[in-house]
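One structure below.
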Amino acid sequence: MPPEVTQYLDGRVRLYVGDLTEHAVDAIVNAANSSLLGGGGVDGAIHRRGGAAILDACRKIRQHEWPDGLPTGEVVMTTGGLLPARYVIHTVGPIYGRHAGKEAALLAACYRNALELAARNGLRTLALPGISTGVYGYPAEEAATIVSRTLSEAIPLHPGIAEVRLVFFNRQQCDVFVGNQQFAA
Ligand code: AR6
């Protein structure tokens, strides 16, 4: 795993460059789509490396909890299968420009709800990708502001969560985040 780049909020937020699926944390967060049945990007990587147990669990969630698909901003949790992470928290980010001005609120909801679900399940370490900043077209600069503000509010509410890792696929994405973040001092 590549080394940590930098940290915020007394080390409770740490930035990494590399592959999210390599992180041995309590849960990694998947930037899924509402079908929960897989896709490209980080979603594809998680299902490939995590194996069939994740897809099986997603199918059951569709059957029993969300027959019409997981709504944008909501979260569900499954096994991590063969991943080094114990669990996967799946969320659906907003598609940029498709939510009538509610994109920022929906992106914030993904991060806030993922932390809440993790805390409710007693998880202590989490790793998240740049939700919506790939196929879903969210500008990375805007996402950085929203994510850093959201974590600044949410992390103090969950004393049990020791570490939130933000994992960027390459150095450039990480640099954009650092240049646009607005973490509380
Ligand atoms: N590790 C870390 N970051 C990654 C990885 C990885 N292995 N792979 C991609 N990224 P995306 P979205 C980065 O497109 O925009 C899927 O098909 C990537 O560079 O994975 O929320 C789903 O099924 C980008 O910065 O997710 C949905 O249909 C970020 O992860 C749709 O894409 C998110 O890119 C969701 O689109």
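The values are calculated or read from the model by the stated rules, or taken from the named source; none is laboratory data. This is a predicted model, so every value here is computed, not measured. Glycine also receives a Cβ, built like all others from the backbone with ideal geometry; neighbour counts cover every protein chain displayed. Heads up: the accessible areas ignore ligands, DNA and RNA and are worked out on the full protein's heavy atoms, side chains in. Shrake-Rupley method; radii C 1.70, N 1.55, O 1.52, S 1.80 Å.
In square angstrom, rounded to the nearest 10, how much accessible surface does residue 153 have for a 1.4 Å probe?
Here the residue's solvent-accessible area equals roughly 130 Å².
Given Cα pairs under 8 Å that are at least 6 residues apart, what percent is the relative contact order of the chain? Present the calculation step by step, with values, prior to reporting the outcome.
Numbers: 379 pairs, mean separation 51.3, N = 185.
Relative contact order here is 28 percent.
How large is ³J(HN,Hα), in whole Hz, for each residue of the stretch 34-40 in order, when computed from phi with the Karplus curve 6.51 cos²θ - 1.76 cosθ + 1.60 and θ = phi - 60°, using x for Gly and Pro?
Computed from phi, the couplings for the stretch 34-40 are 5, 5, 6, 9, x, x, x Hz.
Tally up the carbon and sulfur contribution to the accessible surface of the chain as a whole percent, 1.4 Å probe, everything protein left in place.
Heavy-atom surface of the chain belonging to carbon and sulfur, 1.4 Å probe: 51 percent.
Translational diffusion coefficient of the stretch 63-129 at 25 °C, 0.890 mPa s, Stokes-Einstein with Kirkwood Rh over Cα pairs, in µm²/s as a whole number.
Rounded to a whole number, D works out at 189 µm²/s.
Ordered by residue, what ³J(HN,Hα) values in Hz, to whole numbers, does the stretch 102-112 give under the Karplus form 6.51 cos²θ - 1.76 cosθ + 1.60, where θ = phi - 60° and Gly and Pro are x?
After applying 6.51 cos²θ - 1.76 cosθ + 1.60, I find 9, 4, 5, 5, 6, 5, 4, 4, 4, 5, 4 Hz.
May I ask you to evaluate 6.51 cos²θ - 1.76 cosθ + 1.60, the Karplus curve with θ = phi - 60°, for each residue of the stretch 76-81 and list the ³J(HN,Hα) values in order in whole Hz, giving x for glycine and proline?
With the stated coefficients, the stretch 76-81 comes to 9, 10, 10, 4, x, x Hz.
Can you list the residues of the stretch 17-47 with backbone N under 20 Å from a point 7 Å past the Cα of residue 64, pointing along Cα to Cβ?
Counting only backbone N, you get 35-38.
Sequence-distant or interchain residues sharing an amide H contact under 5 Å with residue 165, placed H: which?
Correct list: 14, 126, 127, 128.
Taking only the alpha carbons of the chain, what extent do you get along each of the three principal axes, in Å, biggest first?
Principal-axis extents of the Cα atoms in the chain, largest first: 44, 37, 30 Å.
Quick one: if the Förster radius is 25 Å, what FRET efficiency do residue 4 and residue 157 give, using the C-beta to C-beta distance and rounding to 0.05?
It comes to 0.55.
Sort 64, 90 by accessible area with a 1.4 Å probe, largest first.
Values: 64 140, 90 0 Å².
Largest accessible area first, the list is 64, 90.
Using per-residue counts of other Cβ atoms within 10 Å, averaged over each peptide, order 98-109, 26-37 from highest down.
For the peptides 98-109, 26-37, the packing ranking is 26-37, 98-109.
So what is the accessible area of the stretch 52-122 per residue, in Å², with the probe set to 1.4 Å? Please list the in-between numbers first.
Numbers: 3550 Å² over 71 residues.
Counting only protein heavy atoms, the per-residue value for the stretch 52-122 is 50 Å².
If you restrict to DSSP beta bridges whose two residues both lie in the chain, what percentage is antiparallel, to the nearest 5?
Taking every DSSP beta bridge within the chain, about 35 percent pair in antiparallel fashion.
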